[in-house]
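Taking it in order: structure first as structure tokens, then the write-up.
Readers should treat all values here as calculations from the given coordinates under stated rules, not as data from a laboratory. Everything numeric in this text was worked out from a predicted model, so none of it was measured. All Cβ positions, glycine included, derive from the backbone under ideal geometry; neighbour counts span all protein chains shown.
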Amino acid sequence: MTPPAESACRPAITLSNLTVTKGEQIICQVTNATIARGSTVGMTGPNGSGKSTLLRVLAGLETDFAGSVRIDIPIADRVFVHQSPYLFSGTVLENVEYGLKARSVSKFARRELAERWLAHFGIGHLADRSARSLSGGEGRRTALARACVLEPELLLLDEPLADLDAAGADFVAQALKELSGSTILLSSPTPLSQNLTESTINLTGTSSHKRISE
Amino acid sequence: MIREGIQEALKLLLRLDTSVIDAATRSLWVSIVAVVVASAVGIAIGLVLARKRFTGRSVVVVAFRVGMSVPTVLIGLLCFGLLSRRGALGEFELLYTTWAIVLGEFFLALPIVVTLTHGAITRLDRRVFETAITLGAGVIQRAMTYLREARLAIMLAVLTAFSRCFTELGIAMMVGGNISGRTRTLTTATALETARGEFASGVAMSLILLTIALLVTLSIALLSRATAEAES
């Protein structure tokens, strides 16, 4: 077993010559990239530059790729939130408790944690509402709360600020700060506020070739 | 003739004619038991076929799909072979009992439930599976999530199976034997009464059959609409 100090020094993610293709088309290409443990990294680039694909690879949802992907975080500790998150039928609270239930957290603790994270995202008042009746922004904040409540080691957020107004974006920024021990990657087609991320990776794409540069 | 039959049928129904009520109750009981068991087995099979990759999976899917269009007389014939004295299940002496009809209708309902459940789960949004996985749900929690998200379409599958079982004749006739007070169902009674020239009784049985079938069809239509709205 690796001593904790040594483990903390190692990068959480190391990518080398990663290429994802769909048919003949390269949809994501990364030459080299390392992401430090516990950092919050933004990932920008135009539509179609491979941001979502890269996040899916890191989440373990995309396994058909070439190159080397080293992630020093077990798959059970990685949580991915889709660009258009899917909310299960049921209430907002049930959605936020979903992953906690999977981790066998007691009912009382589940409720307490879920309510706390709903409050972090400014949607505590929606706890008993049907998840299907939410607006786009409310739904996104619910999905983010559902992911954050698990306090995962690696949190992968695909365009988390889409659909959000300025107040909603502020709630997200503040809530992410609560996850001090997590490595967070968030993508955006537009530059992200420095208040939100410590560093930014830029994915640039052309019609036939996409590459990453730091 | 039909008008007279309907008038006579209404009289039979209003005075709660024993033979009519007996056949109706038995039809309902047999179909409900067969569909409940077929649903318990079929939903699980449909779910596994939709989510598990294994060699020969598509062959199994096609086999169940083909099973949906097997004529009821053929199922009746196969069950007769199974349940007859020298058949694999002969020792249980189930032939010409209501349990024989339940068994036959189970085989009738199973492919319907499996195929429609498989379709319902397969059609679910990919994000349902990915979200459940990324949030760390175990096998059971994932399965329950998929069933919950596809519940309207699965209820539709169960109702469709019930509708098919409730209105079938071949199985009930072949393995039930249409024995009065023991295995007579609405469909076999209708066939018998009409053959005997008791047209009013036949129409009365048909009216009950039609009413229940219409209620089920109405439920299917309402569920279909709800499913379409939920999926849009």
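So here's what we get for this one:
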quantity	calculated
Förster radius 45 Å - calculated FRET efficiency between B:Arg51 and B:Arg85, Cβ distance, rounded to 0.05	0.60
Inter-site label distance for A:Thr190 and B:Ser219 at 7 Å from Cα along Cβ, in nm	5.2
³J(HN,Hα) computed for each position of region A:178-183 - Karplus, 6.51 cos²θ - 1.76 cosθ + 1.60, integer Hz, glycine/proline x	5, 8, 5, x, 8, 8
Shielding by partners, peptide B:124-133 (average Cβ within 10 angstrom, other chains)	5
Computed lengthening from A:Ala66 to A:Gln25, 0.36 nm per intervening residue step minus Cα-Cα distance	13.4 nm
Shielding by partners, peptide A:170-179 (average Cβ within 10 angstrom, other chains)	0
Ascending count of other beta-carbon atoms within 10 Å, so fewest first, for B:Val203, B:Val66	B:Val66, B:Val203
Region A:4-213 - percent relative contact order, Cα under 8 Å, separation 6 or more	32
15 Å cut-off, amide nitrogen to a point 7 angstrom out along A:Asp165 Cα→Cβ, residues in region A:99-133	A:122-123
GNM flexibility winner over chain B from B:Ile140, B:Ile75, B:Ile208 (Cα, springs under 10 Å)	B:Ile140
Efficiency of FRET between A:Asn202 and B:Met144 - r from beta-carbon atoms, R0 45 angstrom, step 0.05	0.60
Amide H partners (placed H, <5 Å) of B:Arg184, local residues excluded	B:Ile179
Leading residue at positive end of dipole, region A:4-213 (Cβ point charges), from A:Ser84, A:Ile123, A:Ala173	A:Ser84
Partner chain coverage, peptide A:77-88 - average Cβ within 10 angstrom	4
Net lengthening on full extension, A:Asn17/A:Asp77 (0.36 nm per residue, minus Cα-Cα)	19.2 nm
Set of lysines with alpha-carbon distance to A:Lys101 below 29 Å, sequence-local pairs under 8 removed	A:Lys177, B:Lys52
Fewest-first sequence of A:Val57, B:Val59, B:Val175 by Cβ atoms within 10 Å of each Cβ	B:Val59, A:Val57, B:Val175
Percent of beta bridges antiparallel (DSSP, the protein assembly as shown, rounded to nearest 5)	55
Antiparallel DSSP beta bridges within region A:4-213, percent to nearest 5	55
Helical segments meeting 30 Å axial Cα length and Kyte-Doolittle 0.0 threshold in chain B (DSSP H)	B:18-51, B:98-122, B:199-231
Which of B:Met155, B:Met173, B:Met205 has the fewest Cβ neighbours within 10 Å, and the rest in rising order	B:Met155, B:Met173, B:Met205
